[in-house]
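Scroll down for the structure; my scribbles are underneath it.
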Amino acid sequence: MTKALYMDDSYLKQWKANVVSVKDEKYIVLDQTAFYPKGGGQPWDEGTLVKNGENFKVVYVGKFSGEISHELDKSGLKEDDEVSCEIDWERRYTFMRYHTASHLISNLLYKRADAKITGNQIEADKTRMDFSMTDYSPEKLRTFVEEANEIIESNLPVTIDYMSRDDVLQKPELARLAMGLPKNIKEFRIVRIGDIDEQVDGGTHVRNLKEIGKIEVTKTVNKGKNNRRMYFILKN
Ligand SMILES: [Zn+2]
């Protein structure tokens, strides 16, 4: 099983790894990786594997049957090869900022309006959030985003730790994304924003809210009776 280095250190950009398996010449499993596989609304990481000065571009990373698989732009790597790995940091860091921002917004939607997040997709230039909320109004949303931006100014730390399934089940607000907890997992990773928010989450996040910048809502779409879609961008 690959060690998922991004789980405990979102800031790891370079590391060494060994090739554990190669499928169809271009699909590589490593013994340890910081490349984030697409999931939880966060896109995959891109970057490079280097062996003896030869570069292999990582063009896609996904999780298949529990294994993190790196799709390369060309063949040439073999089992047991040692490679130097590097993440396209600008791309990843953008996703980290958007991901933490989306937790903060979903916290306020839940706390202030009892709204449930029904979908969330981060992109390189914007993030989309779907939520269900009774008595929606643009003014309310604006108030929540203003509050989010004030909280960002307070420089709260974002931390990671782990919690048992039983403890998570005592706190239903921990899994706000209305999906339920994955079965057969005994220990869950928890992402905390200061003492105001905690979520079961496998994504990568900034260490401090100030890294987010400023949230700006660019568009909202009516998706039915109580369902809304919002798009936001981050300003530095
Ligand atoms: Zn998340």
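Structure notes:
- Using every pair of separate Cα atoms, the Kirkwood estimate puts the hydrodynamic radius of the chain at 18.9 angstrom.
- Helix content alone sets the calculated 222 nm mean residue ellipticity of the chain: runs of n ≥ 4 DSSP H residues at -39500 (n - 2.57) each, divided across all residues, give -6500 deg cm²/dmol.
- Rg(Cα)/(2.2 N^0.38 Å) for the range 96-226, N = residue count: 1.04
- When the solvent-accessible area of the chain is split by element, carbon and sulfur atoms take up 46 percent of it, the probe being 1.4 Å.
- Approximate spin-label separation GLU139-GLU54, in nm, with each point projected 7 Å along Cα-to-Cβ: 6.6
- Once you reduce the range 80-144 and the range 1-19 to the center of their Cα atoms, the two points are 23 Å from each other.
- Here the chain is assigned +1 on the Cβ of each Lys and Arg and -1 on the Cβ of each Asp and Glu. Its dipole about the Cα centre then comes out at about 840 debye.
- Over the range 1-130, the ratio between the Cα radius of gyration and 2.2 N^0.38 Å evaluates to 1.17.
- Heavy-atom surface of the chain, accessible at 1.4 Å and reported per residue (Å²): 52
- Relative to the longest principal axis of the Cα atoms of the chain, helix 89-113 runs at roughly 30 degrees.
- Qualifying trypsin sites (Lys or Arg not before Pro) in the range 74-130, DSSP loop, other Cβ atoms within 10 Å at most 12: LYS74, LYS78
- The chain - percent relative contact order, Cα under 8 Å, separation 6 or more: 19
- Placing a pseudo-label 7 Å from each Cα along the Cα-to-Cβ vector at LYS16 and LYS183 gives an inter-label distance of 4.3 nm.
- Virtual spin-label span in nm between THR218 and ASP31, 7 Å along Cα→Cβ: 4.3
- Structure note, pairs LYS78/LYS186; LYS126/LYS214; LYS38/LYS186: Cα-Cα distances above 24 angstrom occur for LYS78/LYS186.
- Computed from Cα atoms, the angle from the helix 138-153 axis to the main principal axis of the chain rounds to 60 degrees.
- Net length gained if the chain between ARG112 and ILE160 were fully extended (0.36 nm per residue, minus Cα distance): 14.8 nm
- Loop-located trypsin sites (Lys or Arg not before Pro) in the range 157-229 (DSSP state other than H, G, I, E, B) with a sparse environment of at most 10 neighbouring Cβ atoms within 10 Å: LYS183, LYS186, LYS225.
The values are calculated or read from the model by the stated rules, or taken from the named source; none is laboratory data. Predicted, not measured: the structure shown is a model, and the values here were computed from it. Glycine gets a Cβ as well: all are built from the backbone with ideal geometry, and neighbour counts include every protein chain shown. Areas reflect the complete protein model, heavy atoms only, side chains present, ligands, DNA and RNA absent. Shrake-Rupley method; radii C 1.70, N 1.55, O 1.52, S 1.80 Å.
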